[in-house]
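Trainee: Once you've had a glance at the structure underneath, I'll fire off some questions.
What follows is calculated from the coordinates using simple rules that are stated; it is not laboratory data. Remember, it's a predicted structure, so these values are computed and weren't measured experimentally. Positions of Cβ are backbone-derived with ideal geometry, glycine not excepted, and every protein chain shown enters the neighbour counts.
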Amino acid sequence: MHTTSSPDGTTLAFDRTGDGPALVLVAGAFGTRDHPSLTGLAGHLSEHATVYRYDRRGRGDSTDTPPYAVEREVEDLAAVVDAAGGRAHVYGLSSGAALAVRAAAAGLPIDRLILHEPPYDVDGARPALPADFAERVAALVAGGRNGDAVEYFMTRGMGLPAEMVASMRPSPMWAGLERLAPTLVHDNAVMGDNAVPVADLGGLAQPVLVLSGELSPGWFHRAAAAVAAACPDGRHRALPGQSHFAPDDAAVAAAVIEFLKPVISG
């Protein structure tokens, strides 16, 4: 484990593997640098790049410094990019993709950007969230009801069946999810109103690859296509046989490697 510091003093933990151009992976909701959604992918990508997996603030081995603001998370990513040598390619998953967009729009030295199923809504295609969704999550966390916040986020925000989530609560993994509950407030802030940030995307100069899984709900494809279309140098690729909650690391890595082929080794 390595650490770096954000300008507000937050300690950010990260792991570094592989050799080649720097590639930073940004997790989504409930994600840490040790989450399977990142570790398996990093294993494949490390054959071609120096891969950095970091714990976003308030997660894993990273600390947190209140008050929270999305700008602080952009500064966090900037600190990791700086630790990676001052420039990097960036891969973001789900809400981590939305954070990567915000960082690129803020001018971070990101050479190529990979956005994996950013969960934006296009013309109401995404199942509607309760009007007070973000406020409700924040209130549950503020009231110390982390387990209820996790359950509410999973059922109302992610669309998981209530019975499935209820069956997870007695499991050993639930305590870890409860520890991450405060960061759900962060993810909601990163997503904002869930609309595709057309103005931010339109100002991006770097090549952008937007991935969606063929088996994911259709609104993910609409979002991915809209994001790619809004970028001056964007492209959308649907991955056969893949879904949002169970992507195949090798297939995702192959798409990323192909996109980075002009700059990677091996």
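Trainee: Give the long-range amide H neighbours of Ser216: residues separated by 5 or more places, or on another chain, with amide H under 5 Å away, using H modelled in the peptide plane at 1.01 Å from N.
Mentor: When sequence neighbours closer than 5 places are left aside, the close amide H contacts are His244.
Trainee: Charges at C-beta only: +1 for Lys and Arg, -1 for Asp and Glu. How large is the resulting dipole of segment 142-225 about its Cα centre, in Debye rounded to 20?
Mentor: Details: 5 positive and 8 negative charges, 18 e Å.
Dipole of segment 142-225, to the nearest 20 debye: 80 debye.
Trainee: When Lys and Arg each count +1 and Asp and Glu each count -1, what net charge do the other residues less than 11 Å away from Ser95, Cβ to Cβ, add up to?
Mentor: -1
Trainee: Filter the DSSP H helices in the chain by two things, a Kyte-Doolittle mean of at least -0.5 and an axial alpha-carbon span of 30 angstrom or more, and list the hits by number. Numbers along the way, then the final one.
Mentor: On the way: long enough: none.
Result, helices passing both filters: zero.
Trainee: Return the inverse of the average 1/r over all pairs of distinct C-alpha atoms in the chain, which is the Kirkwood hydrodynamic radius, in Å to one decimal.
Mentor: Across the chain, the inverse of the average 1/r is 18.5 Å.
Trainee: Would you tally the net charge around Leu41, using a Cβ to Cβ cut-off of less than 15 Å, leaving Leu41 out, and scoring K and R as +1, D and E as -1?
Mentor: Overall, the nearby charge balance is -4.
Trainee: Taking all pairs of different Cα atoms in segment 2-68, averaging 1/r and flipping that mean, what Kirkwood radius in angstroms comes out?
Mentor: Radius from the Kirkwood sum: 12.2 Å.
Trainee: Calculated from DSSP H runs of 4 or more alone, at -39500 (n - 2.57) each and per residue, what is the 222 nm mean residue ellipticity of the chain, nearest 500?
Mentor: -12000 deg cm²/dmol
Trainee: What's the Kirkwood radius of segment 58-213 in Å, using all Cα pairs?
Mentor: Values: mean 1/r = 0.0596 Å⁻¹.
About 16.8 Å, per the Kirkwood formula over Cα pairs.
Trainee: Moving on. Over the Cα atoms of segment 133-191, each weighted equally, I'd like the Debye log10 I(q)/I(0) at q = 0.18 Å⁻¹, rounded to two decimals.
Mentor: Once normalised to I(0) and log-transformed, intensities are -0.55.
Trainee: Let me ask something additional. How high is the relative contact order of the chain, given as a whole-number percent (alpha carbon pairs under 8 Å, six or more residues apart)?
Mentor: Values: 511 pairs, mean separation 53.4, N = 266.
Reported relative contact order: 20 percent.
Trainee: For segment 161-266, state which chymotrypsin sites (Phe, Trp or Tyr not before Pro) are in a DSSP loop and have at most 15 other beta carbons lying within 10 Å of their beta carbon.
Mentor: Answer by residue number: Phe245.
Trainee: Provide Ile110, Ile264 in ascending order of the number of other Cβ atoms located within 10 Å of each residue's Cβ, fewest first.
Mentor: With the sparsest Cβ surroundings first, the list reads Ile264, Ile110.
Trainee: Let me ask something additional. Count charges around Arg57 for me, please; just the other residues with Cβ under 15 Å from its Cβ, Lys/Arg as +1, Asp/Glu as -1.
Mentor: On the way: positive: Arg33, Arg53, Arg56, Arg59, Arg72, Arg102, Arg179; negative: Asp8, Asp55, Asp61, Asp64, Glu71, Glu73, Glu75, Asp76, Asp187.
My count for the surroundings of Arg57 gives -2.
Trainee: Give the relative contact order (percent, whole number) for segment 133-191; include only Cα pairs under 8 Å separated by 6+ residues.
Mentor: 44 percent
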